[in-house]
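Enquirer: Pasting a structure below so you can have a look.
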């Protein structure tokens, strides 16, 4: 936790960390000099933000600096990196990458983790008294006593609970659009570009790696809202996987989602631990956990488990 917080507060780039950090004794200010470095919520950068929230929950909500870091990042990302468009009357929010000095209007499929994490935070904020989350604990005072003597932890602004849910809805809409706009297979490419009018192809990244993030977001949004819209979107994705990714011996990644049958012959292990798991959770009856003694009968209830970035459940200490 110390290393996570030190990294977060020693490198300030508008709310996003660069994906590559120097390990120099003089500090981390030289990240701009690393060739190919960038800011983004996609590949190599996503898990940092996901774990700010989930480490706070898994730690019994005792280290409020993690939660403050999470909310600080959200506030800055929302105001500095987010863009909005109306597509067929539906709001879509997209988050650009930054090659340190200029914006790149593209969004990785991996970035679809964010609406799921936003929905999880919404659920936690809805179910608990927010003021209790910010009182420093004995554990936090120990964690920060030597590592951050001069550090003033401040959010710099916090999105309201309603803003957070609206943002999650609009981001999820964009993630759904990554799939629905591909008429040939109904499967999203690895990267989608965007302009003022909506989503467009990135011709150099039209492959599909059977990733889970969009379906993960649908599950969290279903848990947060109970809106069948998210189950219906998930069902379309599941049918597309069955029709265009299933082969005789398993499920194959695709070389080009615009070409049906462009199998690569590769099946990633996370397809089982995440993609299929989130589909199962999305369509599981709310009462399925009753026989297991789960709170409210809900499988993997958010007050009992935290799912890490690879979809493995960890029990929250009581």
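Enquirer: Kindly indicate whether residue 195 is at pLDDT below 95, over 19 Å from the mean Cα position of the chain (by Cα) and within 17 Å of residue 83 (Cα to Cα).
Expert: So residue 195 passes the test.
Enquirer: Pairs needed: first member in segment 43-57, at positive phi; second member anywhere, modelled with pLDDT under 90 and surrounded by fewer than 21 Cβ atoms within 10 Å (Cβ to Cβ); C-beta distance under 7 Å; at least 6 residues apart or different chains.
Expert: That search, which allows pairs on different chains as well, returns 44/19.
Enquirer: Which residues, taken from segment 49-68, are assigned to a helix (DSSP H, G or I) and either modelled with pLDDT under 80 or farther than 22 Å from residue 169 by Cα (or both)?
Expert: Hits for segment 49-68 are 55, 56, 57, 58, 64, 65, 66, 68.
Enquirer: In this structure, is residue 193 within 11 Å of residue 112 (Cα to Cα) and outside any helix (DSSP H, G or I)?
Expert: When the stated conditions are applied, residue 193 does not pass them.
Enquirer: How about segment 72-180: which strands (runs of 3 or more DSSP E) wholly inside it have at least 1 residues that are closer than 26 Å to residue 218 by Cβ and modelled with pLDDT under 60?
Expert: none
Enquirer: Do the conditions hold for residue 223, that is, is it touching a residue at least 24 places away in the same chain (Cβ under 8 Å) and either touching a strand residue (DSSP E or B) at 6+ places or on another chain (Cβ under 7 Å) or buried (at least 21 other Cβ atoms within 10 Å of the Cβ) (or both)?
Expert: Taking the combined requirement at face value, the residue satisfies it.
Enquirer: Return the residues of segment 229-243 that are more than 21 Å from residue 86 (Cβ to Cβ) and touching a residue at least 24 places away in the same chain (Cβ under 8 Å); say none if nothing qualifies.
Expert: Scanning segment 229-243 gives 231, 234, 235, 236, 237, 238, 239, 240, 241, 243.
Enquirer: I need a count of the residues in segment 238-273 that are in contact with a helix residue (DSSP H, G or I) (Cβ under 9 Å, 6 or more places away or on another chain), assigned to a loop (DSSP other than H, G, I, E, B) and surrounded by fewer than 15 Cβ atoms within 10 Å (Cβ to Cβ).
Expert: Total satisfying the criteria: 2.
Rundown of residues vs (1) in contact with a strand residue (DSSP E or B) (Cβ under 8 Å, 6 or more places away or on another chain); (2) buried (at least 22 other Cβ atoms within 10 Å of the Cβ); (3) in contact (Cβ under 8 Å) with a residue 24 or more places away in the chain, yes/no style:
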{"position": "170", "(1), (2), (3)": "yes, no, yes"}
{"position": "174", "(1), (2), (3)": "yes, yes, yes"}
{"position": "183", "(1), (2), (3)": "no, no, no"}
{"position": "190", "(1), (2), (3)": "yes, no, yes"}
{"position": "200", "(1), (2), (3)": "yes, no, no"}
{"position": "203", "(1), (2), (3)": "no, no, no"}
{"position": "214", "(1), (2), (3)": "no, yes, yes"}
{"position": "219", "(1), (2), (3)": "no, yes, yes"}
{"position": "227", "(1), (2), (3)": "no, no, no"}
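The values are calculated or read from the model by the stated rules, or taken from the named source; none is laboratory data. Note that the structure is a prediction, hence the values are computed from the model and not measured. Every residue, glycine among them, receives a Cβ derived from its backbone with ideal geometry; neighbour counts consider all protein chains shown.
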